[in-house]
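Input: a single structure, listed below in structure tokens.
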Amino acid sequence: PHMRIDVVSIFPSYFDGLTLSLLGRARETGLLDLKVHDLREWTHDRHRTVDDTPYGGGAGMVMKPEPWGDALDQLAVSSEGQPTIIFPSPAGEVFTQATARELATREHLIFGCGRYEGIDERVFEYAASLGEVRLISLGDYVLNGGEVAVMAMTEAIGRLIPGVVGNPESLVEESHEDGLLEYPSYTKPSVWRDRAVPPILLSGNHGAIADWRHEQQLKRTRARRPDLLA
Ligand SMILES: NC(=S)c1ccno1
């Protein structure tokens, strides 16, 4: 399974972090073809203008549609069939592990990072002619742009691509995989600062350990995230 990801941003160096570690190796091994593009590549004026004042007034600036239209036209052309075009936005659907799993099955993702007060709405309408458009929010808070959200989504999605994470076992027992928060983890020493590891974990009784861990998941989820049980 191979995935192509294109990211468009006016701050492409934000994504240097993705060239490291997990995703860096996935890129080297060809599992993940990630390219970051500077939106200003698709401007033609001397000042490489990407924004302008909002029609209807209001504070701040809006990203102009032209550069986005040209960028998407160029990047959407691919052999993998139509891309999924994702714009991080606080006005979008909330990103969850289920979203990550869904998007990890796609062959070509294009992430468009908005800045300023956002992107001209006609860009989202136009993009629908190029592929499936998704406005996705990391959560109900406001960032200065979409870059941080794309870093998070790319990591959450990238690590689910088979082969990217060494031991696929480690993808199963983690928070939100089974709709619950994960159980507590312990390692040596068995006693640390007078605190002992729960004895059940040293019992070797794997059935009892599995039951204890599931009980811990339920307790934690009830306490910290009752909304997940609703
Ligand atoms: N909450 C998200 S994804 C966002 C993007 C820009 N500002 O907030």
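Observations, loosely collected:
- All positions within the range 99-121 that are of a type in the set (A, V, I, L, M, F, W, C) and more than 21 Å from V77 (Cβ to Cβ): A100, A104
- Filtered residue count, the range 201-230, keeping only those that are touching a helix residue (DSSP H, G or I) at 6+ places or on another chain (Cβ under 7 Å), surrounded by 14 or more Cβ atoms within 10 Å (Cβ to Cβ) and either without any contact (Cβ under 8 Å) to a residue 40 or more places away in the chain or of a type in the set (K, R) (or both): 3
- Residue list for the range 102-147, filter: outside any loop (DSSP other than H, G, I, E, B), near the ligand (Cβ under 8 Å from one of its atoms) and under 13 Å from the mean Cα position of the chain (by Cα): I136, S137
- The lone exception for G112 - which of (1) within 19 Å of A149 (Cα to Cα); (2) loosely packed, with under 13 Cβ neighbours inside 10 Å it fails: (2)
- Inter-residue pairs, beta-carbon under 9 Å, first outside any loop (DSSP other than H, G, I, E, B) and in the range 49-66, second of a type in the set (F, W, Y) and loosely packed, with under 15 Cβ neighbours inside 10 Å, 6+ apart: V62/Y55
- The one condition in (1) at pLDDT 95 or above; (2) acidic (D, E); (3) within 30 Å of R4 (Cβ to Cβ) that D227 fails to fulfil: (3)
- Set D140, D120: member being touching a Lys or Arg at 6+ places or on another chain (Cβ under 8 Å) and either surrounded by 15 or more Cβ atoms within 10 Å (Cβ to Cβ) or farther than 22 Å from G163 by Cβ (or both): D120
- Selected residue (criterion: nearest to V94 (Cα to Cα)) from residues of the range 171-230 that are in a helix (DSSP H, G or I) and small (G, A, S): A223
- Test for G92: is it modelled with pLDDT of 95 or more and in a strand (DSSP E or B): yes
- When P184 is tested against (1) modelled with pLDDT of 95 or more; (2) farther than 21 Å from L228 by Cα, only condition (2) is not met.
- Looking only at the range 148-170, and only at residues there that are part of a loop (DSSP other than H, G, I, E, B) and among the small types (G, A, S), the one that is farthest from L34 (Cα to Cα): G166
- Neighbours by Cβ (under 7 Å, 6+ apart or cross-chain): first from the range 133-159, closer than 22 Å to L31 by Cβ; second in a loop (DSSP other than H, G, I, E, B) and more than 9 Å from the ligand (Cβ to nearest atom): I157/A104; G158/V164; R159/V165
Residue-by-condition table, conditions (1) modelled with pLDDT under 95; (2) closer than 23 Å to V142 by Cβ; (3) within 16 Å of the ligand (Cβ to nearest atom); (4) part of a strand (DSSP E or B):
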| residue | (1), (2), (3), (4) |
| --- | --- |
| D16 | yes, no, no, no |
| H37 | no, no, no, yes |
| H44 | no, no, no, no |
| S79 | yes, no, no, no |
| F87 | no, yes, yes, yes |
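The values are calculated or read from the model by the stated rules, or taken from the named source; none is laboratory data. If you're wondering where the values come from, they're calculated on a predicted model, not measured in any experiment. As a convention, Cβ positions derive from the backbone with ideal geometry for all residues, glycine included, and neighbour counts pool all protein chains shown.
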